[in-house]
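Here the structure comes first, spelled out in structure tokens, and everything after it is commentary.
The values are calculated or read from the model by the stated rules, or taken from the named source; none is laboratory data. Because the structure is a prediction, the values reported are computed rather than measured. Note that we place each Cβ from the backbone using ideal geometry, even for glycine, and neighbour counts take in every protein chain shown. Accessible surface is based on the protein model in full, side chains and every heavy atom, while ligands, DNA and RNA are left aside. Shrake-Rupley method; radii C 1.70, N 1.55, O 1.52, S 1.80 Å.
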Amino acid sequence: ITDYTFKAWDPAVQTTYTEDTTHNATFNYTGEDIIPVPDPTNPPEKPEGFVDVVFEKGAHGEFADGAVTKYFVNPKAGKTLADVAKPGINAAEGWKFTGWDKADTEEIKADLTVTAQYKEKVVTEDPKDEDYVKVSFATGKGTLEGTSEYWVLKNEEVTVNAPTVN
């Protein structure tokens, strides 16, 4: 068996026996502490004691082609999310991928699900978020027909529909 070395017999072998005894071999895992699962429908064998780290695409995007979205991780290895390769994300039209809902400093001690986060590039109500700037249209004469205020995500290429001036 690869990635394992014999550790000991459980229970330890004795010099005398008074009852039927079965000794089970125990092993130390010597493989990688983070194992990618490229095809979750046909995963490799999960080492004993390892936990799952699963990435989810969230509501406004898709995984990039070939993205690995699941890993087996040794919870005793002191690994954090910074140690795990994150899958690529393609945000839906009008949205920007802004990161993950868990910090890279999150220690992996138990099963963990990490979800992609997004922000809409253009909104018509104040999101009360410093990542947006207000774009407004005004006229000193006449009236405006249509939306006259937008909040747009800073430094993003966007399209806003200017109102009609009457």
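Within segment 114-155, restricting attention to residues that are loosely packed, with under 14 Cβ neighbours inside 10 Å and acidic (Asp, Glu), the residue that is farthest from Phe55 (Cα to Cα) is Glu145.
In segment 14-46, the residue that is modelled with the lowest pLDDT out of those that are open to solvent by 80 Å² or more (accessible area, probe 1.4 Å) and either on the phi > 0 side of the Ramachandran plot or of a type in the set (Phe, Trp, Tyr) (or both) is Phe27. Checked against the criteria, Thr147 does not count as more than 20 Å from His60 (Cα to Cα), touching a strand residue (DSSP E or B) at 6+ places or on another chain (Cβ under 8 Å) and not in a strand (DSSP E or B). Testing Thr2 on (1) surrounded by 10 or more Cβ atoms within 10 Å (Cβ to Cβ); (2) at pLDDT below 85, one condition comes back false. Which one is that? With respect to (1) surrounded by 10 or more Cβ atoms within 10 Å (Cβ to Cβ); (2) at pLDDT below 85, Thr2 is out only on (1).
It is to be established whether one or more residues within segment 54-77 are within 24 Å of Glu107 (Cβ to Cβ), modelled with pLDDT under 90 and part of a loop (DSSP other than H, G, I, E, B). No, there is no match, as no residue in segment 54-77 is within 24 Å of Glu107 (Cβ to Cβ), modelled with pLDDT under 90 and part of a loop (DSSP other than H, G, I, E, B). In segment 138-154, how many residues are hydrophobic (A, V, I, L, M, F, W, C) and either touching a Gly at 6+ places or on another chain (Cβ under 7 Å) or modelled with pLDDT of 95 or more (or both)? Total meeting the criteria: 3. If you filter segment 47-64 down to residues that are open to solvent by 80 Å² or more (accessible area, probe 1.4 Å) and in contact (Cβ under 8 Å) with a residue 24 or more places away in the chain, you find that the one that is nearest to the chain's Cα centre (by Cα) is Glu56. All of (1) closer than 23 Å to Ile89 by Cα; (2) modelled with pLDDT of 95 or more hold for Glu157 with one exception: (2). Is it the case that segment 26-36 has a residue that's over 30 Å from Asp83 (Cβ atoms) and assigned to a loop (DSSP other than H, G, I, E, B)? No, there is no match, as no residue in segment 26-36 is over 30 Å from Asp83 (Cβ atoms) and assigned to a loop (DSSP other than H, G, I, E, B).
Any idea which of Asp83, Asp10, Asp111, Asp104 is touching a strand residue (DSSP E or B) at 6+ places or on another chain (Cβ under 8 Å), within 30 Å of Val133 (Cβ to Cβ) and open to solvent by 60 Å² or more (accessible area, probe 1.4 Å)?
After ruling out the rest, the residue left standing is Asp104.
The numbered conditions (1) part of a loop (DSSP other than H, G, I, E, B); (2) in contact (Cβ under 8 Å) with a residue 24 or more places away in the chain; (3) not aliphatic (A, V, I, L, M) are all true for Glu130 except (2).
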